[in-house]
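Undergrad: If you scroll down you'll find the structure; I have some questions about it.
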Amino acid sequence: MKKAKKILVSGGSIAGLTLAYWLNRYGFEVTVIEKSDGLRLGGQNIDVKGPAWAIIQKMELGQEIESATTTEVGIRFVNTKNAVVAEFPKDNAISMTQEIEILRGDMVNILYHKIKDSITVYFGDQINSIHELEDSVEVTYNKRGKETFDLVLIAEGIGSTTRQQVFGREIKFDYLGLYSAYLTIEKAPTDSRWARWCNAIGAIVFLVRPDNHGTTRLCIFFRSPELGYEKLPIAEQKKLLIQKIQDVGWEAPRFVKELEQTTDLYFERVSQVKAPHWHKGRIAMVGDAAYCPTPITGKGTDLAVTGAYILAGELGQHKDYNHAFGAYENIMRPYVNKTQKRPPGVPRLVYPESRFGVAVINAIFSLAGSRFAKFITNLFSKKKAQPKEEIQLPEYQDA
Ligand SMILES: Cc1cc2nc3c(=O)[nH]c(=O)nc-3n(C[C@H](O)[C@H](O)[C@H](O)COP(=O)(O)OP(=O)(O)OC[C@H]3O[C@@H](n4cnc5c(N)ncnc54)[C@H](O)[C@@H]3O)c2cc1C
């Protein structure tokens, strides 16, 4: 069998660009196709930790990532009068704020600039149909005709359409009962370097986080049965969000105004992707497309970066792509399974519906934030500084 050389990566975000970097480093000829007209730079903070941080350092991007962190100092839980119920500074073991918090868009930008001159990138197009031939894969794009590759790697995120063409009904979505919406908003006097989390009636959570661009990042989560909202046109999604939040208090009027005019809304259902196989013939998938763990785990970026590193590394090592795909799955699958486990009651219990429920959850946050509880959790802070090894990263030889 001839070793694969020419590879198409579909999706130009965290997984796709990391994959492109490592494939290029192992001597493959890489094309990335991204359906948006440019990089998608929206979203809030993502954590770069554990194996992802080790890989970023191998890519010699550690300093660049560190200097682009959001400067968030911790998280405050506030009630709808904006009174602080509990606060967890970054160094507290259970704080959501991690050592390296970077805007998702900043990380995408950094990855893109690291690799863009060594690969081909098509923006504003996508795979329309895909067919495996005897010794290649033929793709037909929406706009630029046909092209053949030795391998096609899907990194299209949770809503991947090429994945559905290739793997179809095999793919299961474990919906967690939540929708999430992310948007960039103007900084207001109430915003600071502290993230603010506010539970509101109607099973809604607002999460406001500082960024390093002079703006603020808003996330709205709400509990709901699965109703296909993520497939609605953006104008409908905006209407729905406004309807949901307009009467729930806190800074909702400010958010409504922002929703009316935003151009970077990212609206998704919070679902884990469960796929029995991550490869079929000459096609494989990586990142959220294959094993989205949801933002609730805080591990989406980690899995995407680690999966990309291992997939590229195995392809670099094996002459037979089948062996490479098999090894990638063998190494990654236990880590993905561990990451996708979630504690009972999460996220349902944290999103109460009624005024009483909101008061109860705030009382719980307050208890967790009390001096005594902080003292106890800080005993475990060392654990946060030195997390135990989650996956043994293989070392691969450069081309
Ligand atoms: C705009 C945006 C905002 C986000 N905000 C947050 C956030 O605030 N917090 C958080 O935890 N996670 C967020 N995420 C998800 C997060 O990026 C991922 O969970 C994680 O980083 C794994 O990345 P990924 O590359 O696998 O998937 P994604 O980051 O979802 O990237 C998939 C990429 O593929 C592209 N794409 C999709 N379909 C096709 C297609 N058919 N052909 C070609 N390209 C395609 C998309 O435009 C996107 O660039 C966001 C994702 C996006 C796209």
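The values are calculated or read from the model by the stated rules, or taken from the named source; none is laboratory data. Everything quoted here is computed from the prediction, not taken from an experiment. We place every Cβ from the backbone using ideal geometry, glycine too, and count neighbours over all the protein chains shown. To get the accessible areas, we keep the full protein, side chains included, count just its heavy atoms, and leave off ligands, DNA and RNA. Shrake-Rupley method; radii C 1.70, N 1.55, O 1.52, S 1.80 Å.
Table: residues versus (1) β-branched (Val, Ile, Thr); (2) within 16 Å of the ligand (Cβ to nearest atom); (3) part of a helix (DSSP H, G or I); (4) touching a residue at least 24 places away in the same chain (Cβ under 8 Å).
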position: 290; (1), (2), (3), (4): no, yes, yes, yes
position: 313; (1), (2), (3), (4): no, no, yes, yes
position: 319; (1), (2), (3), (4): no, no, no, yes
position: 335; (1), (2), (3), (4): no, yes, yes, yes
position: 343; (1), (2), (3), (4): no, no, no, no
position: 349; (1), (2), (3), (4): no, no, yes, no
position: 353; (1), (2), (3), (4): no, no, no, yes
position: 359; (1), (2), (3), (4): no, no, yes, no
position: 364; (1), (2), (3), (4): yes, no, yes, no
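Undergrad: Which pairs have Cβ atoms under 7 Å, sit 6 or more apart or on different chains, and link a residue in the range 33-48 that is closer than 15 Å to residue 209 by Cβ to one that is open to solvent by 40 Å² or more (accessible area, probe 1.4 Å) and part of a strand (DSSP E or B)?
TA: Once the first residue is closer than 15 Å to residue 209 by Cβ and sits in the range 33-48, its partners that are open to solvent by 40 Å² or more (accessible area, probe 1.4 Å) and part of a strand (DSSP E or B) give 42/266; 43/266.
Undergrad: Moving on. In the range 129-140, which residues are open to solvent by 10 Å² or more (accessible area, probe 1.4 Å) and within 14 Å of the ligand (Cβ to nearest atom)?
TA: Scanning the range 129-140 gives 129, 130, 140.
Undergrad: Can you pull out the residues in the range 256-288 that are within 10 Å of the ligand (Cβ to nearest atom) and out of contact with any strand residue (DSSP E or B) (no Cβ under 7 Å at 6 or more places or on another chain)?
TA: 287
Undergrad: Among the residues of the range 10-37, how many are open to solvent by less than 10 Å² (accessible area, probe 1.4 Å), assigned to a strand (DSSP E or B) and either within 15 Å of residue 310 (Cβ to Cβ) or near the ligand (Cβ under 6 Å from one of its atoms) (or both)?
TA: Total satisfying the criteria: 2.
Undergrad: State yes or no: is residue 126 within 13 Å of the ligand (Cβ to nearest atom) and either modelled with pLDDT under 95 or loosely packed, with under 15 Cβ neighbours inside 10 Å (or both)?
TA: Taking the combined requirement at face value, the residue does not satisfy it.
Undergrad: I'm trying to understand the selection: among the residues of the range 160-180, which are crowded, with 16+ Cβ neighbours inside 10 Å and not in a strand (DSSP E or B)?
TA: Scanning the range 160-180 gives 160, 162, 163, 166, 167, 171.
Undergrad: Next question. I need the full set of residues from the range 160-188 which are more than 15 Å from the ligand (Cβ to nearest atom) and within 22 Å of residue 242 (Cα to Cα), in order please.
TA: Within the range 160-188, 177, 186, 187, 188 qualify.
Undergrad: If you scan the range 314-349, which residues turn out to be open to solvent by 30 Å² or more (accessible area, probe 1.4 Å) and among the charged types (D, E, K, R)?
TA: Within the range 314-349, 319, 320, 333, 338, 341, 342, 348 qualify.
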